[in-house]
Amino acid sequence: MTTAPPSQVRQNYHQDLEAAVNHQINLELYASYVYLSMSYYFNRDDVALKDFAKYFLHQSHEEREHAEKLMKLQNQRGGRVFLQDIQKPDHDDWESGLNAMQCSLLELHKLATDKNDPHLCDFIETHYLNEQVKSIKELGSACILGFPLPFL
């Protein structure tokens, strides 16, 4: 089996970062898969929590978009996208899987900082970390104050 030649647009993109971005892509797809499972659980006729179903479906779409942004970044930087198997969601332990994904973003940011890659640091901050803070605040306000979420 022959390997593909290195990309002609690859510039200043460390292999460790390429591997970490591929890992993050897998985690984003996993999160999308978990949210999709949760959405259709809450949409069942015996559960019938339609607003929860809408919320988690929206989150599933957002996580898939995150994965797609990372794939686009990988191509722009001259890296290669290597998709991996997506782990089956464990419906008894939703929190730990999503928490792991959030921690992974921080690790990816730290690795990008260590490898002196300001472009990747900025990308992660702009498209992921700030959005997570906003989503947590939005969901918390809606739950505490009874405000509707913008997509419900």
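What the table below lists for this structure:
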quantity: In sequence order, calculated HN-Hα J values of the range 108-115 (Karplus, 6.51, -1.76, 1.60; Hz; x Gly/Pro); calculated: 4, 5, 4, 5, 4, 5, 4, 8
quantity: Peptides 12-25, 117-130 ordered by average Cβ neighbours within 10 Å, highest first; calculated: 12-25, 117-130
quantity: Local electrostatic count at L105 - Lys and Arg +1, Asp and Glu -1, tallied over other residues with Cβ under 11 Å; calculated: -3
quantity: Per-residue ³J(HN,Hα) for the range 69-77, Karplus 6.51 cos²θ - 1.76 cosθ + 1.60, θ = phi - 60°, Hz, x for Gly and Pro; calculated: 4, 5, 5, 5, 4, 4, 5, 4, 7
quantity: Neighbourhood charge, 13 Å Cβ-Cβ cut-off, centred on D114 and excluding it, Lys, Arg +1 and Asp, Glu -1; calculated: -1
quantity: Radius 13 Å from Cβ of Y13, net charge of other residues (Lys, Arg +1; Asp, Glu -1); calculated: +1
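Throughout, read-outs are computed from the coordinates displayed, never taken from laboratory work. This structure is a prediction, so every number in the text was calculated from the model and none was measured. FYI the Cβ positions are ideal-geometry reconstructions off the backbone, even for glycines, and counts take in every protein chain you see.
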